[in-house]
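Below you'll find the structure, written out as structure tokens, and then a few comments.
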Amino acid sequence: LPNVWRGFTLKWYAALPDDREILTGLWLSLRIAFFTACGSVVLGTLAAFALVKYRRFTGRTLFSGMVSAPLVMPEVVVGLSLLLMLVSIQRATQAAFGVGFPDRGTFTIWLGHLLLGLAYATVVVQARLQDLNPQLEEAAMDLGARPWHVFTLVTLPIITPSLASAWLLTFTLSLDDVVLSAFLSGPGATTMPLVIFSRARLGLNPSVNAVATLIVLVVALGVLAASYMIARAERRRTLELAAA
């Protein structure tokens, strides 16, 4: 039993490779979270750039509200709305082309997570763009750089830390999401949180604890490695400034 302490054992780690259900759910969750984070950062950066750089355009208020809506709406409402919309689209395509699209599964889960991650990524990137010194971009344009070069050579390197923060945030949100996944999942597409949630009704297997421990260990090692790299880069920068 996972809630009764009976001593130390490693047998559940050894039994973990045989638990195909939870390993399949973990792999699916990681894939969806990865593509959700990448898509959210790209779309969130475009949305934030439009909101910050273009103060006036037709439909700006509506666009800003639609981007921010998932932040304030309950996930149950978002999930149910997406489910109804996708079912309507599937019926329409079935009637028009004889093939229903999209079927509920990995793709629909990804769409739901992308909608939620887009809102968070936009907020993070928008906050960084608002603090960006516009004189840096103006200086680059004065030196002959075109808008695309200004973005790739000046703006993008400056906002890279916020892009990394948005990626990690949306990856985490997607990895442990239950509500949206429950509405948008289909046969053969069960994420790890859904597997754990379904097992909680009948009694958790201690292999869940083993998976959770491994995830915490990987995250802890990642945080330590990132902290070491940041501290090392800061020391190198300090030495370069002192030498200069």
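The values are calculated or read from the model by the stated rules, or taken from the named source; none is laboratory data. As the structure is a computational prediction, the values presented were derived from the model and not from experiment. As a convention, Cβ positions derive from the backbone with ideal geometry for all residues, glycine included, and neighbour counts pool all protein chains shown. Quick note on the areas: whole protein, heavy atoms, side chains included, nothing else; ligands and nucleic acids left out. Shrake-Rupley method; radii C 1.70, N 1.55, O 1.52, S 1.80 Å.
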Can you name the residue in region 1-16 that is open to solvent by 70 Å² or more (accessible area, probe 1.4 Å) and touching a helix residue (DSSP H, G or I) at 6+ places or on another chain (Cβ under 8 Å) and, of all such residues, is modelled with the highest pLDDT? 13
Log entry, pairs with first residue in region 74-85 being touching a residue at least 60 places away in the same chain (Cβ under 8 Å) and outside any helix (DSSP H, G or I), second being surrounded by fewer than 12 Cβ atoms within 10 Å (Cβ to Cβ) and among the hydrophobic types (A, V, I, L, M, F, W, C), beta carbons closer than 6 Å, six or more apart or on different chains, reads none
Going by the conditions given, is residue 127 more than 30 Å from residue 26 (Cα to Cα) and in contact (Cβ under 8 Å) with a residue 24 or more places away in the chain? yes
From 115, 221, 168, 111, which residue is in a helix (DSSP H, G or I), open to solvent by 50 Å² or more (accessible area, probe 1.4 Å), at negative phi and without any contact (Cβ under 8 Å) to a residue 40 or more places away in the chain? 221
Looking at region 124-154, which of the residues that are within 17 Å of residue 52 (Cα to Cα) and not in a helix (DSSP H, G or I) is most open to solvent (accessible area, probe 1.4 Å)? 131
Note on region 28-83: residues of a type in the set (Lys, Arg) and either open to solvent by less than 80 Å² (accessible area, probe 1.4 Å) or over 16 Å from the mean Cα position of the chain (by Cα) (or both) are 53, 55, 56, 60
Scan 239, 194 and give me the residue that is open to solvent by 50 Å² or more (accessible area, probe 1.4 Å) and either more than 25 Å from residue 125 (Cβ to Cβ) or part of a helix (DSSP H, G or I) (or both). 239
